[in-house]
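For reference, the structure is listed below as structure tokens.
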Amino acid sequence: SMKFIKQLIPWHRLDWMLLLCLAGLMVFGVLFVYSATYNNDTYTGAHWLRMPHYKQIIFYGLGIGAAFVVCLRDYQQTARWANVFYWLSLIMLVAVLIPGIGSVRYGARRWFDLGVTQFQPSELAKVAVVLALAQFLSRPIKELKEPKVLLKALALAGIPFTLIFLEPDLGSALTLLPPALVMLYVAGVPGGFLRKLVGGVVIFVSLVLAYVFFMPKDWKPIQFPDYQKRRLMVYFNVDYASQYAGAGASQAEIRQAHALQRQDSYNVVQAMISVGSGGLTGKGWKQGIQNAHGYLPRGVAHNDFIFSVIAEESGFVGSTLVILLYGGIIVAGIRTASQCRDRLGRLIAIGVVTLLFSHVFVNIGMNIRMVPVTGLPLPLLSSGGSSVVCSLLALGLLQNVRLYQRTI
């Protein structure tokens, strides 16, 4: 059977640096998801299958299985299925918006409730968009100067962007932009078009912010959940009294607005205290005071704020190691892209790398208040099935390019 498996995949071309970094991140993932939840009352006495660290191991297994299947055929053949994969993910993104099919949590309709676990189609859509764009942009360069082709490329990323934006999940929608822009650049799209596009994105983000902060409530056709507005206010340090207590507000109303502000900025403040208090080598595994005593809220410690738990318990050394492991994957991906002779492989590799980098940057950024808090997971470390499986699926595509590329 070993001989049969050897025939399936050209093992001698495996990217060992990528695999070692992945293994390192998985070890961190299981250890710290366990550390973040071992004294959480929700899981006391729960069946082992409900425990987040066991679920994390199962999702790693499923993700590795998916990555293995992706590597059975070369990426040229896989890319032929890109459109099928893309349309399936669009159908799921539309389905999840339908009441009764998509389940609502925290005011957003982003999940399918599968009983055992929740599935978030936007995670799969990110991988589908990278693959579909790579397939679409690998056409002859002269075609990429035609406005019709450029508009189609924009629509490929724009349709899923809009659907995810409507859930509403602004964080996930925005992570589609960096891979799309970098892939357009690498494919050889004219610079003038890219500059207009970046300008358009900046204007769009500015308009969203203006809409959230300055439009009167009765004029808004799309109502963002109030918590999203408050997250942005926390990030920009906007005084709640100016938004929630009118001009002639009483002292009691102003105090109430400030109490809400302290409550909303609590997670971010506790995350920063966790990161800062870890020192050089941390307080030791399972010894984090912020985490053990529940100052870092139990509900988010093992997913959105896993980096804070790592930073508190393994300190600067552990945090740096995590960043180096991600760096290793990114370097392996860039090396694969630079050695690739065909544009399809190069675009897949660069798309996956940019997608991963955006997630890591945004998630670690929100742990140290560099970017607003969004529900974006830290790939492979945050507890969550859709994110883990889809990250491994994307890295399976990257490994596939490495295995089957015609090198220089």
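Data table
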read-out: For the chain, built as a Gaussian network whose Cα springs stay under 10 Å, the top-fluctuating residue of Y54, Y38, Y244; value: Y244
read-out: Cα-based equivalent ellipsoid of the stretch 1-126: semi-axis lengths in Å, sorted from largest, via gyration tensor; value: 30, 25, 12
read-out: Average Cα contact separation per residue, the stretch 242-370, under 8 Å, 6 or more apart, as relative contact order %; value: 25
read-out: For the stretch 13-44 and the stretch 356-378, distance of Cα centres in Å; value: 18
read-out: Helical contribution to [θ] at 222 nm, DSSP H n ≥ 4, -39,500 (n - 2.57), averaged over the chain, rounded to 500; value: -21500 deg cm²/dmol
read-out: Of L151, G191, V234, farthest towards positive along the dipole that unit charges on Lys, Arg, Asp, Glu beta carbons give the stretch 143-257; value: G191
read-out: Exceeding the 22 Å Cα-Cα cut-off - candidates K126/K286; K152/K229; K55/K286; K142/K196; value: K126/K286; K152/K229
read-out: Residue with peak Gaussian network fluctuation, the chain [Cα springs, cutoff 10 Å], from P168, P377, P190; value: P190
read-out: Given charges at beta-carbon only (K, R positive; D, E negative), |dipole| of the stretch 83-217 in Debye; value: 380
read-out: Selected from V352, V275, V116 as most flexible by GNM, with the chain as the system and alpha-carbon contacts under 10 Å; value: V116
read-out: Inter-site label distance for H47 and W87 at 7 Å from Cα along Cβ, in nm; value: 3.8
read-out: Rg [Å, one decimal], Dmax [Å, integer] - the chain, C-alpha atoms; value: 22.1, 80
read-out: Contact order normalised by residue count of the chain, Cα under 8 Å, 6+ apart, percent; value: 28
read-out: For the chain, size of Cβ-based charge dipole, Lys and Arg +1, Asp and Glu -1, in debye; value: 1140
read-out: Cross-link reach list, aspartates and glutamates versus K283, counting only Cα pairs under 20 Å and skipping chain neighbours closer than eight places; value: E312, E313
read-out: Gap separating the Cα centres of the stretch 107-154 and the stretch 232-291, nearest whole Å; value: 35
read-out: Fraction of antiparallel bridges per DSSP, the chain only, in percent to nearest 5; value: 90
read-out: D113/F68 FRET efficiency (R0 30 Å; Cβ-Cβ; nearest 0.05); value: 0.60
read-out: R0 of 41 Å, Cβ-Cβ distance S242-Q76: FRET efficiency to nearest 0.05; value: 0.10
read-out: Nitroxide proxy distance, nm - points 7 Å out along Cα→Cβ at K142 and L166; value: 4.0
read-out: Segments 77-90, 196-209 sorted - mean Cβ within 10 Å per residue, highest first; value: 77-90, 196-209
read-out: Percent RCO, i.e. relative contact order, over the stretch 1-150, from Cα pairs under 8 Å lying at least 6 residues apart; value: 15
read-out: Protein accessible area in the chain, 1.4 Å probe - carbon and sulfur %; value: 67
read-out: Net lengthening on full extension, Y185/V208 (0.36 nm per residue, minus Cα-Cα); value: 5.8 nm
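The values are calculated or read from the model by the stated rules, or taken from the named source; none is laboratory data. These figures come from a predicted structure and were not determined experimentally. Here Cβ is always computed from backbone atoms with ideal geometry, including for glycine, and neighbour counts include all displayed protein chains. Just so you know, the surface numbers come from the protein's heavy atoms only, side chains and all, with ligands and any DNA or RNA stripped out. Shrake-Rupley method; radii C 1.70, N 1.55, O 1.52, S 1.80 Å.
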